Amino acid sequence: MIEKESIRIIIEGFIGVIILGFLFYRSIIGIIFLSPLIILYYQKKRKVIIAKRKLQLNIEFRDGINSLSAALSAGYSVEQGFTEALLDLKSMYPKGAMIINEFAYITKQIQMNIPVEKALRDFASRSGIEDIISFSEVFSTAKRTGGDLTKIIKTTTDIISNKIEVKREIVTLIAAKKFEANIMKIVPAGILCYLSLSSPEMLKPLYHNLFGILIMTFILGVYLCSYKLIDKIVDIEV
């Protein structure tokens, strides 16, 4: 994951812990007590970002093998096809796009006389994406047995395209539900914040004494469990 994203997530987690520490304990000790939540928040956001990057790479890979198929249809060899596909991708995606970096690396490996199928297996292994792994295996088998690579790549592209469209439809359908879930997660803390600002005297007995700390810790525990439960309900893997 990009370093800037990691720093941003840590800052977000730290701010969240400060807010919770103030709302539930109003003390530095409370903030320190809740600091492990930063790690949990980082791990959760990291999984979300990785999932988004995998989906984006899957889409870019579909375009990559589509360009490769066009190059093979034009009469280029497989090795030359990756070079042509890379040029095509550079006109489609901005500099630094994941698929451009990957195809550039594959092209460099080919220039170093590393077999194409080995370079693809390496890419598939690093990506951890099912479609890329499957394509690598099919490609290796076809290359070894002398199959029609152009037809195989075209068929694979169609299959991946259909799967990506289904994934996009699922993401679109659950987007509204995730938005509602995010609002539900904010509401309890929002209510406590409102009461802290509008009626501070009413909440005063809940702070800086053992009974109040126990009550607020219990409420916080229920809140965090509800937060996690909501995440599980809307966490549909695509």
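Side notes on the structure shown:
- Checked against (1) buried (at least 16 other Cβ atoms within 10 Å of the Cβ); (2) of a type in the set (A, V, I, L, M); (3) under 27 Å from the mean Cα position of the chain (by Cα), Met92 meets all criteria but (1).
- Those residues of the range 216-230 which are more than 16 Å from Pro205 (Cα to Cα) and either of a type in the set (Val, Ile, Thr) or in contact with a His (Cβ under 6 Å, 6 or more places away or on another chain) (or both), in sequence order: Val222, Ile230
- Looking across the range 125-137, the residues that are in a helix (DSSP H, G or I), surrounded by fewer than 17 Cβ atoms within 10 Å (Cβ to Cβ) and not charged (D, E, K, R) come down to Ser125, Ile133, Ser134.
- Residue satisfying all of: in the range 103-118; under 15 Å from Ser140 (Cα atoms) and part of a helix (DSSP H, G or I); nearest to the chain's Cα centre (by Cα) among these: Ile106
- If you check Ser136, Ser198 for being without any contact (Cβ under 8 Å) to a residue 24 or more places away in the chain, hydroxyl-bearing (Ser, Thr, Tyr) and within 21 Å of Leu55 (Cα to Cα), only one passes: Ser136.
- Odd one out for Lys177 among (1) loosely packed, with under 13 Cβ neighbours inside 10 Å; (2) in contact with a helix residue (DSSP H, G or I) (Cβ under 8 Å, 6 or more places away or on another chain); (3) among the charged types (D, E, K, R); (4) within 24 Å of Ile65 (Cα to Cα): (4)
- Enumeration of residues in the range 23-59 that are in contact (Cβ under 8 Å) with a residue 40 or more places away in the chain, over 21 Å from Arg8 (Cα atoms) and either surrounded by fewer than 15 Cβ atoms within 10 Å (Cβ to Cβ) or not hydrophobic (A, V, I, L, M, F, W, C) (or both): Tyr25, Arg26, Ser27, Asn58
- On inspection, Lys4 does not qualify as under 16 Å from the mean Cα position of the chain (by Cα) and either under 18 Å from Tyr227 (Cβ atoms) or acidic (Asp, Glu) (or both).
- Taking the criterion of being touching a Leu at 6+ places or on another chain (Cβ under 6 Å) and either among the charged types (D, E, K, R) or closer than 23 Å to Lys167 by Cβ (or both), the residues of the range 100-126 that qualify are Ile100, Phe103.
Listed here are the residues, each with its yes/no results for (1) at pLDDT 90 or above; (2) part of a helix (DSSP H, G or I); (3) under 13 Å from Thr217 (Cα atoms).
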| residue | (1), (2), (3) |
| --- | --- |
| Ile15 | yes, yes, no |
| Ile18 | yes, yes, no |
| Gly21 | yes, yes, yes |
| Phe33 | yes, yes, yes |
| Ile39 | yes, yes, no |
| Gln43 | yes, yes, no |
| Ile49 | no, yes, no |
| Lys52 | no, yes, no |
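- Taking the range 208-223 as the range and being in contact (Cβ under 8 Å) with a residue 24 or more places away in the chain, surrounded by 14 or more Cβ atoms within 10 Å (Cβ to Cβ) and not β-branched (Val, Ile, Thr) as the test, the residues that pass are Met216, Leu220, Tyr223.
- Residue check, Ala70 within 25 Å of Ile50 (Cβ to Cβ) and part of a helix (DSSP H, G or I): no
- Complete set of residues in the range 197-238 that are of a type in the set (Val, Ile, Thr) and either more than 26 Å from Leu173 (Cα to Cα) or modelled with pLDDT of 90 or more (or both): Ile213, Ile215, Thr217, Ile219, Val222
- The one condition in (1) closer than 28 Å to Gly221 by Cα; (2) surrounded by fewer than 15 Cβ atoms within 10 Å (Cβ to Cβ); (3) among the hydroxyl-bearing types (Ser, Thr, Tyr); (4) in contact (Cβ under 8 Å) with a residue 40 or more places away in the chain that Ser73 fails to fulfil: (1)
The values are calculated or read from the model by the stated rules, or taken from the named source; none is laboratory data. Quick caveat: nothing in here was measured; it's all calculated off a predicted structure. Methodologically, a virtual Cβ is constructed for each residue, glycine included, from the backbone with ideal geometry; neighbour enumeration extends over all protein chains shown.
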